Amino acid sequence: MAFETVRRRSAPEMVVEQIIDRIAGGELAPGTQLPAQRDLAQMLGVGRSSVREAINALVVMGYLEPQQGKGTFIKKVLPASDPGIEKLAAAFSAGSIFDLMEARALLECRSAVLAAERADAAQIRNLKDAMVQVVATESDYTIFLDADIQFHAAVAEAAGNMVLCELTKLVLEKVVAHHKGLKTTLLPPAYRDVSIRTAARVVEAIEAGDGDAAAHWMAQHLVAIRDELKNIIS
């Protein structure tokens with residue numbers, strides 16, 4: 001006689017289930033805003049960390065869409081089928097990647113500003129050399145990732161802040177570890193193009209001493225990375 005393993009659901013999994021049920025039931029209509037995480041935590045009787053983890057998973061699965069400065073919204077076009085256990089597990093394991101992307105935005109946009117203020121001629125050359133390596137990559141995701149990581153490390157070094165540089169490198173190491181777990185090899189041409197274009201704008205802004213532009217283009221570059229990660233995971 002065969003039995004299925006009984007799974008004990010975690011609080012984030014139960015939050016995911018409730019939100020999906022309310023979307024399916026029409027209580028949360030496509031395009032509408034999800035209540036704030038603080039409010040959701042109170043409504044559901046769970047911690048905010050559980051709500052955050054659930055929201056990250058629902059973003060990965062294609063149910064939710066965060067909008068900068070506005071909040072989190074139900075996607076207008078929803079997944080065609082209910083998520084299985086495997087997809088849900090994969091979505092939760094991917095959630096920490098988005099936490100890493102938040103950390104990268106905080107660290108690397110600031111690094112870009114400081115690099116624009118402080119980078120010397122040698123550091124500018126290092127940035128340009130790193131860009132040459134990025135552009136030289138073709139269709140292999142692993143090679144492209146290595147070159148892109150070197151570019152980000154060069155920006156951090158050009159910022160001239162040892163602590164900021166070390167923190168950035170630590171985060172980048174975690175990014176590489178996640179990518180190895182994803183085992184992605186194919187590099188989509190559209191992602192490659194936007195990544196190279198935005199990185200080149202970062203270098204141009206740093207060389208011009210324009211901190212605001214450097215931060216803007218670094219943010220755009222990181223958005224492209226985040227969106228591609230969502231595509232890989234989902």
Quick one: Ala94 ticks every box in (1) assigned to a helix (DSSP H, G or I); (2) modelled with pLDDT under 85; (3) open to solvent by 50 Å² or more (accessible area, probe 1.4 Å); (4) not polar (S, T, N, Q) bar one, so which box is it? (3)
Hits in region 208-230 (condition: surrounded by fewer than 17 Cβ atoms within 10 Å (Cβ to Cβ), over 16 Å from the mean Cα position of the chain (by Cα) and part of a helix (DSSP H, G or I)): Ala208, Asp212
Where in region 4-66 are there helices (runs of 4 or more DSSP H), lying wholly inside it, with at least 1 residues that are open to solvent by less than 10 Å² (accessible area, probe 1.4 Å) and closer than 25 Å to Leu229 by Cα? 11-24, 48-61
What single numbered condition from (1) under 21 Å from the mean Cα position of the chain (by Cα); (2) modelled with pLDDT of 95 or more; (3) among the β-branched types (Val, Ile, Thr); (4) more than 29 Å from Ala57 (Cβ to Cβ) fails to hold for Val134? (2)
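If you go through region 93-149 one residue at a time, how many are of a type in the set (S, T, N, Q) and in contact with a strand residue (DSSP E or B) (Cβ under 9 Å, 6 or more places away or on another chain)?
The number of residues fulfilling the criteria is 1.
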If you scan region 158-170, which residues turn out to be in a helix (DSSP H, G or I) and surrounded by 20 or more Cβ atoms within 10 Å (Cβ to Cβ)? Ala158, Thr168
Among the residues of region 110-145, how many are of a type in the set (Ser, Thr, Tyr) and in a helix (DSSP H, G or I)? 3
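The values are calculated or read from the model by the stated rules, or taken from the named source; none is laboratory data. What you are looking at is a predicted structure, and each value in this text was computed from that prediction instead of being measured. We place every Cβ from the backbone using ideal geometry, glycine too, and count neighbours over all the protein chains shown. Ligands, DNA and RNA are stripped out before the accessible areas are found, and what is left, the full protein with its side chains, is counted by its heavy atoms. Shrake-Rupley method; radii C 1.70, N 1.55, O 1.52, S 1.80 Å.
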